[in-house]
1. Helix-derived [θ] at 222 nm for the chain: sum -39500 (n - 2.57) over DSSP H runs of at least 4, divide by residue count, nearest 500?
2. Taking the Cβ of ALA227 as the center, what net charge do the other residues with Cβ under 12 Å away carry, scoring Lys and Arg +1 and Asp and Glu -1?
3. For the chain, find the longest principal axis of its Cα atoms and tell me its angle to the long axis of helix 12-30, 0 to 90°, nearest 10.
4. Could you look at the chain and say what percent of its accessible area is carbon and sulfur, using a 1.4 Å probe and all protein chains?
5. If amide H atoms are built 1.01 Å from N in the plane of the peptide, which residues on other chains or at least 5 residues away come under 5 Å of the amide H of PHE101?
6. Would you work out the charge dipole size for the range 94-229 about its Cα centre, treating the Cβ of every Lys and Arg as +1 and the Cβ of every Asp and Glu as -1, and quote it to the nearest 20 debye?
7. Among the lysines, which fall within straight-line cross-link reach of LYS20, defined as a Cα-Cα distance under 26 Å, with same-chain neighbours fewer than 8 residues apart omitted?
8. Take ASP106, ASP28, ASP142 and sort them by solvent-accessible surface of the protein heavy atoms, 1.4 Å probe, largest at the top.
Amino acid sequence: MQTIGLIGGMSWESTALYYKLINERVRDRMGKLHSAPLLMYSYDFQGIKEMQYAGRWSEAAASLAEVARRLESAGARVIVLCTNTMHKLAPEIVSGVTVPFIHIGDATAQRIRSKGHRRVGLLGTKFTMEEHFYVDRLRAHDFDVLVPPADARAEVNRIIYDELCLGNVAADSRRRYREMMAALVAAGAECIILGCTEITMLVGPDDTSVEAFDTTAIHAETAADFAIG
């Protein structure tokens with residue numbers, strides 16, 4: 001198997017899911033006591049959040065690119081960034097390494113295309129829902145992307161940072177997410193992208209009337225499949 005290099009800690013709650021999901025995929029595919037060869041760098045997320053909200057993206061990009069280079073030097077044969085939002089800086093990471101980089105947006109888009117959907121509803125951080133780096137990546141796969149209105153986007157973002165990243169899973173927040181997903185479906189969404197790696201802690205397939213695509217699981221499974229070859 002190829003060694004996977006994980007850039008995690010954004011937040012550690014979802015990075016722990018990556019570790020679990022990758023190893024479950026390897027076990028299920030290979031059997032016996034097989035598990036994935038992994039290298040991980042886990043960030044102090046407080047520092048990353050401060051960079052995000054201060055707009056210090058170039059500083060964050062330099063840090064992520066350096067971590068990716070270190071993982072490659074340590075033996076990683078593929079790089080996986082365990083977060084949707086920081087894929088804003090994917091080009092800087094890719095330019096700094098010679099090994100493949102598995103983009104979470106591409107992996108998710110390929111899974112959705114295999115199911116025949118074209119109009120997708122997207123939930124994620126405010127950066128993921130409002131900036132071009134993620135929505136345009138999906139549009140490049142010929143998807144029509146719907147996002148909640150501004151007040152709902154703010155609430156989705158607040159729940160991610162103030163609750164899920166701290167490991168808090170609240171029933172009222174689940175109810176709000178269900179309402180927002182239902183509104184996206186009513187607006188024409190054929191499926192929902194859970195476009196933040198923490199959202200899977202709160203809602204899943206049973207919380208929406210259409211198919212939900214968990215980016216955390218899809219990304220982890222894609223990484224495991226690459227490692228197996």
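The values are calculated or read from the model by the stated rules, or taken from the named source; none is laboratory data. What you see is a predicted model; the values in this text were computed from it and never measured. Backbone-built Cβ (ideal geometry, glycine too); neighbour counts: all protein chains shown. Surface accessibility is based on the protein's heavy atoms, side chains included, excluding ligands, DNA and RNA. Shrake-Rupley method; radii C 1.70, N 1.55, O 1.52, S 1.80 Å.
1. Here the helix-only value at 222 nm equals -16000 deg cm²/dmol.
2. Taking every Cβ under 12 Å from that of ALA227, the sum is +1.
3. 70
4. 50
5. Close amide H contacts, sequence-distant or interchain: ILE79.
6. With Lys and Arg at +1 and Asp and Glu at -1, about 200 debye.
7. Hits, sequence-local ones excluded: LYS32, LYS49, LYS88, LYS115.
8. ASP28, ASP142, ASP106
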